[in-house]
Number of protein chains: 2
Amino acid sequence: MAKKIITVSRQFGSGGRTIAKELAKRLDYDYYDKEIIESVAEKTGFSEQFIAEKGERSPGKTIFSYGFDTGSMMPGVMYGMSANDYIWTEQSKFIRQIADSGKPCVIVGRSADYILREYDDVLNAFICADMEFRKKRVVEIYGETDVKPEKRIADKDKRRALNHKFFTDLEWGFAPNYDICLNSGKIGLERCVDILEELAR
Amino acid sequence: MAKKIITVSRQFGSGGRTIAKELAKRLDYDYYDKEIIESVAEKTGFSEQFIAEKGERSPGKTIFSYGFDTGSMMPGVMYGMSANDYIWTEQSKFIRQIADSGKPCVIVGRSADYILREYDDVLNAFICADMEFRKKRVVEIYGETDVKPEKRIADKDKRRALNHKFFTDLEWGFAPNYDICLNSGKIGLERCVDILEELAR
């Protein structure tokens, strides 16, 4: 049975986003990642960059809660709900709306695999790669910064893992939580797309 | 580049062994799992069943050490080495011998992915599946016992994970530790073989 929704979770610098984009193109599916953020941003009045950052920041008590002054800033926010909770709730709603629309799509990140766990026609993929491959890619794509690429990668992955764990209670990157996991550094990005395309059809 | 060695790690009841066997057949590669155990058993004089059990029993201080009386039972065993350490050392040697022989092969379990981490032409696969799929399969293949299938599966997986962690310091089933991970329950055993065959060639 053809899979109408493909979720792509990925380690930072693994090329998961590139794979997802190419996959959507080949299958002629809608593609979502930044779009989701923008949509949420539009609803909440949060700045787009703020949401992009918060969306990958680990939640919990160590993070400053924005709940206390949400009354005026964010219409519809429950009193005491942290910015992260609010983003999660809005993103989840939006992702389910996409799924319910019935239009086939590829969704990158945002724990969409978990959010759509009750849906039947979903293929959940996880893309990873070795540190050397990712270091090279991160510098190529995002450029050099003062922070070493290893550190940037480790930070980003840690945030994604913590965020995922907090909201889903599942281990990010643990194979049994996905349908297929591919090492893009070993297999190659093009071939990853081939395999996913084949599986989706 | 064709992969000469394919290691298959797997959750209990996921059909990983069946996939590995079929893959070896299609590729005309040698196939190892019980063979490794037998070979070690032959060298050590350990009973085959004892090694099969120990090979998946979690190591460490909670397990009775056989080291104290190895002098007479197991020639070549270092004084104080536990049975698990000994089995690990002998299996590792044997797995490297297989790899060094240059004959293409599929190796199931035994942390062969870690043991052969320095080798270039290895493809490391992990096969998993949902609990419902595995419960059904375990009863079909191994029959009913007094212990419920969920419990048998959880125990076996826990032992494999602990054993792997103890000897390799790596998380068993964590996607970035493999080249490809497949959910056989979702993808189907036959299709898993197709994908691995395609990747290996």
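When each of B:Ser111, B:Ser9, B:Ser39, B:Ser101 is scored by the number of other beta-carbon atoms lying within 10 Å, the sequence from fewest to most is B:Ser101, B:Ser39, B:Ser111, B:Ser9.
Closest approach of a chain A Cβ to the axis relating A and B (residue, whole Å): A:Cys181, 2.
Considering all C-alpha pairs of the range B:144-201, those separated by over 18 Å amount to 56%. Look at A:Ile127, B:Ile187, B:Ile153 and count the other Cβ atoms within 10 Å of each Cβ; fewest to most, that gives B:Ile187, B:Ile153, A:Ile127.
Qualifying chymotrypsin sites (Phe, Trp or Tyr not before Pro) in the range A:118-157, where qualification requires a DSSP coil assignment and no more than 11 other C-beta atoms within 10 Å, are lacking entirely. With the gyration tensor restricted to C-alpha atoms of the range A:82-201, the semi-axes of the equivalent ellipsoid amount to 26, 21, 13 Å, longest first.
Placing dummy labels 7 Å off each Cα toward the beta-carbon, the span from B:Glu144 to A:Glu144 is 6.9 nm.
Averaged over the residues of peptide A:141-153, the number of Cβ atoms from other protein chains lying within 10 Å of each residue's Cβ is 0.
None of the figures in this text is laboratory data; all of them are computed from the coordinates on show. Just so it is clear, the model here is predicted, and its values are computed rather than measured. Virtual Cβ from ideal backbone geometry, glycine too; neighbours counted across all protein chains shown.
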